[in-house]
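Chemist: Mind having a look at this structure? Questions to follow.
The values are calculated or read from the model by the stated rules, or taken from the named source; none is laboratory data. Predicted model, so just to flag it, every value in this text is computed and none were measured. A quick note on method: Cβ atoms are made from the backbone with ideal geometry, for glycine too, and the neighbour counts reach across all protein chains shown.
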Amino acid sequence: MQREALLALLKKTFGYSSFRPLQEEIITDIFAGRDVFALLPTGGGKSLCFQLPALAQSGLTLVVSPLIALMKDQVDNLQASGVAATFLNSTLSAEESKARFRGLYRGEYRLLYIAPERLMLPGFPERLQELNVRLVAIDEAHCISEWGHDFRPEYRQLAELRPHIPDVPFLALTATATQRVREDITRLLALRTPRCYVASFNRPNLTYKVLPKDKPTEQIVRWIQDHPEDSGIVYCQSRKATESVAEKLRARGISALPYHAGLEARDREKNQERFLKDKTRVICATVAFGMGVHKPNVRFVLHFDLPKSIEGYYQETGRAGRDGLPGECVLLYSAADAIKQRAFIDEKPDPEEQRIAREQLQQMIHYAESARCRRATLLEYFGETQSTIPCEGCDNCLEPREVFDGTLAAQKFLSCIFRLRQASRFGVGLNHVIEVLTGAATEKIKRWGHDKISTYGVGREHSRSEWQAIGRELIRMGLCTQTSERLSVLELSTEGMAWLKARHPLTLTRPMKSTSKQPRVKIEGDIVCDEALFTQLRAVRREIADEKNVPPYIIFADVTLRHMAARQPVNETEFAEIPGVGERKLRDFSAPFLSAIDQWRSGRAR
């Protein structure tokens, strides 16, 4: 299909006049019959890469999706835009399933969403040729890898579809995957010399902040009260914490509900639905809440506890600002959380699992404590370089931390590691080094004779917590290393030994300061509009959504409403130019919104 025709179809159906990065290239390869692997960030427009080809060519596009809620959400969205789509899953009765099969055989649908378990039932793969399948899109493709964060064994069977539809291209899509997971996806899905597209992991509309954890529930309450119109997620490590935080938020007048795997399925679904439909403002959740939650107007993600890995943290923060409007990501951090996490890791039965988990946790701790640009740290984890520093979108760039001359402190700390190794011929942990520096009289220090070495007691000018911060920064700087074993020890690195000999001036960073309020900044994605009109348009949207029993974003996303409030269209022609307004939505929904805008303008004119 010609580019002009594709763009016309994009505007007509979805209301957009241009493609996002890589969408056009991926769609072109699909039309050429090639297998494609696409890694696009959350909110990067993955779904359009198979939805538009499904509309532009005859036949059926099969979409493999891991979650029932995700299927219904996407199908509702497509149907609201006038696209013939359906799903098959366990929520349907036998009669409903038969009716949809009849529709499939008659060619009534362009897209079929289906779970891998249902797709691989005996006899189903053999029917695919009869259904005229033209494309297989595998969403959340990282589920196929044991190294991914949502491993689903049933995804491994999908390669068995190939003999039944040998000429049909496969499209594998995910929002986050390390190099190892990418290789697993390509190999285990048996993709044939696929074209690989990896978009930037940068989410420029998100702001990243870390606050020292201090009376965390109060911190969360204050933060949410400072964002009275916004919807968000509070991630907690334990089920108990989700319920406790939700209860305390409700006691302070904030509508909040818990979500975790221990709730009855019915209660879990009800709480999720209330959140998706804007009936509750905050969901307090474990990591069980996430994949498949495509609510585009999540304005903040708060982490009550320390995440286990940078990959998990990136995935969870990525649920903010899916619509491209600004989102804020705040992590409450304390060293005590890190100690708790290590205790959980020690309970794992497999030593290799323990080692990997400790490495991942160490990376997360470095992120939380570092004074470097947070965006740059996240991107480096995925092998990408941040182009502009300061990024103007993280606390360390917006409010650089205080620094001090740490030359003497570093000399004492690194010398102590060296002297301890020299005296005992074995390494010791961070806490033991600090005890020696501060002149502690522990049983181990006396037994090993460490009160006799030259660095014993030379660091009494710093508290234990200050030395911990100094030590961890020296580790991050590469002047010493910390092993990943259960009893981790510190060792001088080659760079550390060279620095000790040269003793160049060294600058270190003061610990973070807890502030109740962070400065608001204008960040990419802002759409300046009349906020009062935007609020009125949200009320109109909610009324229509309630009537149709769908989440409000199915009608129009916040970004579309903000464009309406900024441009204030006066007729259907102007309304059709608003991004996100396709032909079907223009016909179905323009009247009440145009009426609201007209009333608002009339009220202002008086």
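Chemist: Just give me the residues in segment 184-229 being in contact with a strand residue (DSSP E or B) (Cβ under 7 Å, 6 or more places away or on another chain), within 30 Å of Gly253 (Cβ to Cβ) and part of a loop (DSSP other than H, G, I, E, B), in sequence order.
Modeler: Asn205, Lys213, His227 - these are the residues of segment 184-229 that are in contact with a strand residue (DSSP E or B) (Cβ under 7 Å, 6 or more places away or on another chain), within 30 Å of Gly253 (Cβ to Cβ) and part of a loop (DSSP other than H, G, I, E, B).
Chemist: Within segment 577-590, take every residue that is farther than 19 Å from Arg601 by Cα and of a type in the set (Gly, Ala, Ser) and give me the one that is surrounded by the most Cβ atoms within 10 Å (Cβ to Cβ).
Modeler: So the residue we want is Gly582.
Chemist: Might you let me know whether segment 91-103 holds any residue that is buried (at least 21 other Cβ atoms within 10 Å of the Cβ) and under 26 Å from Glu583 (Cβ atoms)?
Modeler: No, the conditions are met nowhere in segment 91-103.
Chemist: Continuing with this model, one more query. Pick out the one residue from Leu276, Leu306 that is surrounded by 20 or more Cβ atoms within 10 Å (Cβ to Cβ), over 30 Å from Val63 (Cα atoms) and not assigned by TED's automatic domain parsing to the domain that holds Ile555.
Modeler: Leu306
Chemist: Tell me, which helices (runs of 4 or more DSSP H) lie completely within segment 38-128 with 1 or more residues that are among the small types (Gly, Ala, Ser) and in contact (Cβ under 8 Å) with a residue 40 or more places away in the chain?
Modeler: Of the helices (runs of 4 or more DSSP H) lying wholly inside segment 38-128, those with at least 1 residues that are among the small types (Gly, Ala, Ser) and in contact (Cβ under 8 Å) with a residue 40 or more places away in the chain span 48-56, 68-80.
Chemist: Sticking with this structure for a sec: Looking only at segment 75-90, filter to residues that are at pLDDT 90 or above and among the polar types (S, T, N, Q); which one of those is surrounded by the fewest Cβ atoms within 10 Å (Cβ to Cβ)?
Modeler: Gln79
Chemist: Go through segment 45-58 and count every residue that is crowded, with 23+ Cβ neighbours inside 10 Å and under 23 Å from the mean Cα position of the chain (by Cα).
Modeler: 4
Chemist: Quick one: Leu408 ticks every box in (1) closer than 26 Å to Ala502 by Cβ; (2) in contact (Cβ under 8 Å) with a residue 24 or more places away in the chain except a single one, so which number is it?
Modeler: Looking at each condition in turn, Leu408 falls short on (2).
Chemist: Here's something else I'd like to know. Report whether or not Gly449 is surrounded by fewer than 16 Cβ atoms within 10 Å (Cβ to Cβ), more than 35 Å from the chain's Cα centre (by Cα) and more than 23 Å from Gln362 (Cβ to Cβ).
Modeler: Yes, satisfied.
Chemist: Could you pull out every one of the helices (runs of 4 or more DSSP H) wholly within segment 387-469 that has 3 or more residues that are out of contact with any strand residue (DSSP E or B) (no Cβ under 8 Å at 6 or more places or on another chain) and over 29 Å from Thr377 (Cα atoms)?
Modeler: Correct list: 407-424, 430-437, 443-447.
Chemist: Kindly provide the set of residues from segment 150-172 that are out of contact with any Ser or Thr (no Cβ under 8 Å at 6 or more places or on another chain) and either in contact (Cβ under 8 Å) with a residue 60 or more places away in the chain or farther than 22 Å from Glu117 by Cβ (or both), ordered by number.
Modeler: Asp150, Arg152, Tyr155, Leu158, Pro166, Asp167, Pro169, Phe170, Leu171
Chemist: Let me ask something else. Which of (1) part of a helix (DSSP H, G or I); (2) modelled with pLDDT of 95 or more does Ala241 not meet, given it meets every other one?
Modeler: Unmet condition: (2).
Yes or no, residue by residue, for (1) surrounded by fewer than 19 Cβ atoms within 10 Å (Cβ to Cβ); (2) of a type outside the set (A, V, I, L, M):
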| residue | (1), (2) |
| --- | --- |
| Ile365 | no, no |
| Glu380 | yes, yes |
| Gly393 | no, yes |
| Leu398 | yes, no |
| Val403 | yes, no |
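Chemist: Right, here's the next one. Which residue pairs have Cβ atoms closer than 9 Å, lie 6 or more positions apart in sequence or on different chains, and pair a first residue in segment 334-352 that is in contact (Cβ under 8 Å) with a residue 24 or more places away in the chain with a second residue that is in a helix (DSSP H, G or I) and loosely packed, with under 10 Cβ neighbours inside 10 Å?
Modeler: none
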